[in-house]
Amino acid sequence: MNAPIQDGCADAEVTPALPHRVPGYSTMPRLGGVHRRHAARFGHTPPQVREARRWARTVTGLSQEEADVIELVLSELVTNALRHTASGQNGHFTVTIAYLDSDVIRLAVEDAGPGMVRSLPFPA
């Protein structure tokens with residue numbers, strides 16, 4: 001999605017057209033299958049948290065109650081990645097969902113590494 005152009009300038013806050021499927025992972029057809037893996041890469045803006053939750057709900061095919069738990073954990077992990085790493089500084093984050101067993105799901109968020117280090121004042 002491109003930003004509207006006004007007076008010859010594109011809007012400075014452009015949300016990337018994401019998520020992108022990560023090569024080597026499934027494209028979603030068999031929801032919830034054991035040993036199935038899904039992964040997608042998302043952008044650095046706060047609306048991407050919502051998109052990651054929506055994506056996770058779609059690929060898991062879980063019941064409302066189970067999906068709510070996944071979405072809560074995912075929101076916390078992604079928010080931390082955006083706040084405390086380079087993912088929130090024009091970076092990206094990757095969400096991976098792996099079915100380890102018929103009733104066990106591993107959820108992982110990979111961030112873009114350390115963010116800018118802020119110098120902390122030391123007492124004199």
Collect the residues in the range 37-83 that are touching a helix residue (DSSP H, G or I) at 6+ places or on another chain (Cβ under 9 Å), open to solvent by 20 Å² or more (accessible area, probe 1.4 Å) and at pLDDT below 90, keeping them in residue-number order. His44, Pro46, Gly61, Leu62, Thr79, Leu82
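For the range 74-87, indicate whether the set of residues that are closer than 18 Å to Arg37 by Cα, in contact (Cβ under 8 Å) with a residue 12 or more places away in the chain and assigned to a helix (DSSP H, G or I) is non-empty. Working first, answer last.
Initially, the range 74-87 is screened for residues closer than 18 Å to Arg37 by Cα, giving 74.
Among the residues that remain, those that are also in contact (Cβ under 8 Å) with a residue 12 or more places away in the chain are: 74.
With the extra rule that they be assigned to a helix (DSSP H, G or I), the set shrinks to 74.
Yes: the range 74-87 contains one or more residues that are closer than 18 Å to Arg37 by Cα, in contact (Cβ under 8 Å) with a residue 12 or more places away in the chain and assigned to a helix (DSSP H, G or I).
The values are calculated or read from the model by the stated rules, or taken from the named source; none is laboratory data. Bear in mind that the values here come from a model prediction, so they are computed numbers and not experimental data. Backbone-built Cβ (ideal geometry, glycine too); neighbour counts: all protein chains shown. Each accessible area value is taken on the protein alone, full model and side chains, heavy atoms only, with ligands, DNA and RNA left out. Shrake-Rupley method; radii C 1.70, N 1.55, O 1.52, S 1.80 Å.
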